[in-house]
Every structure is written in structure tokens, then in C-alpha cells.
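Presented below is the structure to which this report refers.
Derivation of every value follows stated rules applied to the coordinates shown; laboratory data play no part. Source: prediction; values computed, not measured. Every residue, glycine as well, gets a Cβ built from its backbone with ideal geometry; the counts of neighbours run over all protein chains shown.
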Amino acid sequence: MAVVRYLTHPQVRIEPLVPVPEWGLNDIGRARTEVLARSGKLAGTVLIVSSAERKALETAQILAPGPGAPVLVREGMHENDRSATGFLPPDAFEEAANWFFANPQQSFRGWERALDAQARIVAETEAVLADAPAGDVLLVGHGGVGTLLRCALAGLPIARSHDQLPGGGCIFAFDRASRIVLHGWQSIEAFMDA
């Protein structure tokens, strides 16, 4: 059985004066990714597909040498577009994210609507899998659109209660052929222990 895994980038360097898509991993996020890379848990991965955002691409590039898989960058796998508000302090961001998930048919102050972001990430995933070689595929992206993808595949309503665990660096998996979700969000560490 071929498996598709969706991995969210782990912790990032928060730089309020830098556009969010250009943020990179911080030391903790990089260290967590390096441990996963050395674990061998991604053996059998034939393709790694990454969002073009720096934090996701850095994650994918750290992981690629382990299974020897190429990294394909897909612009359409980006996080929900929040450029209309720019950087929000953590408390304000959490409130905005709660609103985003609770109101999927509406835009939060110019953000991409959750329904639109979900349609985009599902279409990107299907396009990738239609062309990917046989075997396991790793998608490296973001918590918001990753949650929207998980909800779509599992037949769940869009809701923050289905979001990844705090800190990022979480994985869910689904069967490549049937698209059935095999497990919900797990931290990198729980995935390595499974």
C-alpha cells in the first residue's frame, strides 16, 4: 500500500518585518526536522512535494537526502493567503485563525476564504498524485491548508478542532489509492515512535 503523508513545517523564526512566506525554520524546527531525517521513517518515499514558502522548502530539503527523493516545488501548495493583514502578533493571529476556520465561506479582513484554500490544496494534491511515480509521497506544507486537506479527505467539516498540534511539525497520512485517512495529526516525535 502506497501512503501519502502531509507534514507541516515545524517552528519558525518569527520576523515581524519580513513577509511571512519568507520566514525560515528556527533552531528548534531545524533540529526536529533533522531528527526525522535521520530516523529512516520516510524510507520508501519516492517524491517530496513542497510549498514554495521558505519554511516548508527548508523542511523538505533537510528530509530529501534520507530517502533520496527529489523535491518538487508547487506554488499552489502555499498556506492560506493572509497577506491582506500582514504579520499579526500571536494572540491576534490565534483569534484570526479561529475566525477563519469558524467562517469558511467568508474572508477575514481580506484573507483567502477557507473554502477557497481547501479547494486549492485538494486540487494541488490531486494534480501531484496524478503525475507522481509509484510509491509513498511526502507533502510538506502548512497547518492551515493541511488541516483543510485532512478535513476534505476525511469528510469532516472545516473546524479548528481538526487543526494540527501546537508547534507544527505534525503529520497525517492517507492511503494513496483510496484517499482514506490512515491517521490524524501526530507530532514528528509520535510519528517516529509509532
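Mind listing just one residue for me: the one in segment 146-164 that is farther than 19 Å from VAL49 by Cα and touching a His at 6+ places or on another chain (Cβ under 7 Å) and, of those, surrounded by the most Cβ atoms within 10 Å (Cβ to Cβ)?
That would be CYS151.
Determine the pairs where a residue that is farther than 19 Å from LEU148 by Cα and in contact (Cβ under 8 Å) with a residue 24 or more places away in the chain, located within segment 7-22, has a partner that is surrounded by fewer than 17 Cβ atoms within 10 Å (Cβ to Cβ) and aliphatic (A, V, I, L, M) with Cβ atoms under 6 Å apart, the partner being 6 or more residues away or on another chain.
From residues that are farther than 19 Å from LEU148 by Cα and in contact (Cβ under 8 Å) with a residue 24 or more places away in the chain, the pairs are GLN11/ILE28.
Test of understanding: among ARG74, ARG5, ARG30, which residue is within 18 Å of the chain's Cα centre (by Cα), among the basic types (Lys, Arg) and farther than 27 Å from ALA127 by Cα? Explain how you work it out, then say what you get.
On the way: ARG74 fails: farther than 27 Å from ALA127 by Cα; ARG5 fails: farther than 27 Å from ALA127 by Cα.
Answer to the selection: ARG30.
State whether one or more residues within segment 102-122 are in contact (Cβ under 8 Å) with a residue 40 or more places away in the chain, touching a Lys or Arg at 6+ places or on another chain (Cβ under 6 Å) and buried (at least 19 other Cβ atoms within 10 Å of the Cβ).
The first filter runs over segment 102-122 and keeps only residues in contact (Cβ under 8 Å) with a residue 40 or more places away in the chain, leaving 102, 104, 114-115, 118, 120-121.
If we keep only those that are touching a Lys or Arg at 6+ places or on another chain (Cβ under 6 Å) too, we end up with none.
Checked segment 102-122: no residue is in contact (Cβ under 8 Å) with a residue 40 or more places away in the chain, touching a Lys or Arg at 6+ places or on another chain (Cβ under 6 Å) and buried (at least 19 other Cβ atoms within 10 Å of the Cβ).
Filter segment 166-179 down to the residues that are of a type in the set (A, V, I, L, M) and exposed (fewer than 15 other Cβ atoms within 10 Å of the Cβ) and list them by number. Working first, answer last.
Going through segment 166-179, the residues of a type in the set (A, V, I, L, M) turn out to be 171, 173, 177.
Scanning segment 166-179 gives a single hit, ALA177.
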